[in-house]
Amino acid sequence: MKTIFNFQLSIFNCLLLLALLPTGHLAAQTNHDINTGGNLVISGDGTYTITGTGSATNNTITVQSGVTAHITLNGVNIDVSGTEYACAF
């Protein structure tokens with residue numbers, strides 16, 4: 001009986017610690033390589049670093065409506081000129 005109580009107390013303590021974690025910081029920074037990671041859809045607020053190799057890609061970046069995103073582009077070269085009505089960003 002004491003073992004069950006200690007197990008339940010341990011589970012409760014773990015859940016309490018998880019509830020106290022600053023969840024906003026867990027997903028605040030996201031890195032994505034546009035050349036190897038494919039199209040990117042940003043659906044949550046945060047800071048995003050999008051990298052590339054400098055070589056042209058036809059992968060695109062989309063930020064969903066209502067999202068506040070701080071985006072840094074590094075070596076990104078998106079070329080969708082061969083796709084009708086396409087927008088790179």
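Things worth noting here:
- The simple spin-label model puts a point 7 Å past each Cα toward its Cβ; for His70 and Ala56 those points are separated by 3.3 nm.
- 5 angstrom amide H check on Tyr48, placed H, neighbours 5+ away: Thr30, His70, Ile71, Thr72
- Its Kirkwood hydrodynamic radius, worked out from the mean inverse distance over all distinct Cα pairs, puts the stretch 32-89 at 11.7 Å.
- Per-residue ³J(HN,Hα) for the stretch 47-60, Karplus 6.51 cos²θ - 1.76 cosθ + 1.60, θ = phi - 60°, Hz, x for Gly and Pro: 10, 10, 10, 10, 10, x, 8, x, 6, 5, 9, 9, 6, 10
- 5 angstrom amide H check on Ile42, placed H, neighbours 5+ away: Thr62, Val63, Gln64
- Coupling constants for the stretch 74-89 follow from the phi torsions by the Karplus curve (6.51 cos²θ - 1.76 cosθ + 1.60, θ = phi - 60°), and in residue order they are 9, x, 8, 9, 9, 10, 10, 5, x, 10, 5, 6, 8, 10, 5, 9 Hz; glycine and proline get x.
- For Asp33, the residues whose modelled amide H falls within less than 5 Å of its own, excluding neighbours fewer than 5 places apart on the same chain, are Thr51.
No lab work stands behind these numbers, since they all come straight from the coordinates. Predicted, not measured: the structure shown is a model, and the values here were computed from it. Quick reminder, even Gly has a Cβ in these numbers, built from the backbone with ideal geometry, and neighbours come from all protein chains shown.
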